[in-house]
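Below is one structure, written out as structure tokens; comments come after it.
The values are calculated or read from the model by the stated rules, or taken from the named source; none is laboratory data. In this text the structure is predicted, and so the values were computed from the model without any measurement. Note that we place each Cβ from the backbone using ideal geometry, even for glycine, and neighbour counts take in every protein chain shown.
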Amino acid sequence: MHLPLLTILFLCFSTAAQSPPTAQPAPAQSVAAAKPIVLPLARGLMNRYVQAIGGRVALWQLESFKAHAKLSFKGGQAEGQLDLAFRRPNLMRIQLDLASLGSSEVGSDGSSAWEILTSDGIKQAEIIPLVDAQRRRRDLNWFELALRLTDGARSFRTVAPAEYDGHPCWEIQKIARDGSEERIFIDRQNHLLRGIRMIETGMAEEHEVSLSFRNWKSVGDLLLFHELIMARDGIELVIDFDQISLDTVSPNIFQPPDSIQELLRSIPGNESSRTPAEETPQDSGP
């Protein structure tokens, strides 16, 4: 299970689609305006976005985070549950339950990481590299993605006014240090994030993936989205966050479960007394 979460979810849920997506006519091209449009600077838009969701101080003070979401395909019957928990410096627990399709858990206490897969009543547990756990975290923590849009950018510029998910937006091109490109859509009126478009590269093909961020509501000192729509190949996955809380996550929930403890003890040279998670080096955020 080393694919990005989006690919995994679409593979798991593919049999649940009730009918192939209906082809939509291409939108009519708008006539170019006679007057030239003055585009705001991308960095300035990012500053306005950060202020709109609570400001940099509130983001810096965020120590931990947890959320629960319901998963379903738009127009389909498949449903699932997703639980996310993160805490500084690098603690995480991600639990994905797809009912009859199986479940998975990826976790890290800061000094080790693990994955537990359950399918057809059979449970498989393994120790995974810390770098793999952090990659899963980046794949799944859409809140971190939304709060740190400028991270890893080599270039960042506003390219045009655009409409996204029914909202007038500014379209921003982000080129990452690895050369990958994203398009970010910031609401022109309230400066909230409305969407991200990117290309997902598989083994032999590419897919355009779009994320739509909806239902922004206050959680503590921050304004956070509570619904995420992930679209690929005409299929939409709805992620509905019905519980979000900040700075309430105990370090104890990130400790390895019994099956992982047994694996850790079986590793030659592994010490039984392990460094407490809260004493590991700090990173940049939850």
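Okay, here's what the table says:
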{"read-out": "Single residue of the range 251-286 satisfying the filter (among the aliphatic types (A, V, I, L, M) and out of contact with any helix residue (DSSP H, G or I) (no Cβ under 7 Å at 6 or more places or on another chain)) that is modelled with the lowest pLDDT", "value": "267"}
{"read-out": "Near pairs, Cβ below 9 angstrom, 6+ apart or cross-chain, from the range 150-163 (surrounded by 15 or more Cβ atoms within 10 Å (Cβ to Cβ)) to any residue that is at pLDDT below 90 and assigned to a strand (DSSP E or B)", "value": "153/176"}
{"read-out": "Number of positions in the range 102-144 that are farther than 19 Å from residue 68 by Cα, in a helix (DSSP H, G or I) and among the aliphatic types (A, V, I, L, M)", "value": "3"}
{"read-out": "Residue tally, condition more than 19 Å from the chain's Cα centre (by Cα) and within 15 Å of residue 88 (Cβ to Cβ), over the range 232-246", "value": "0"}
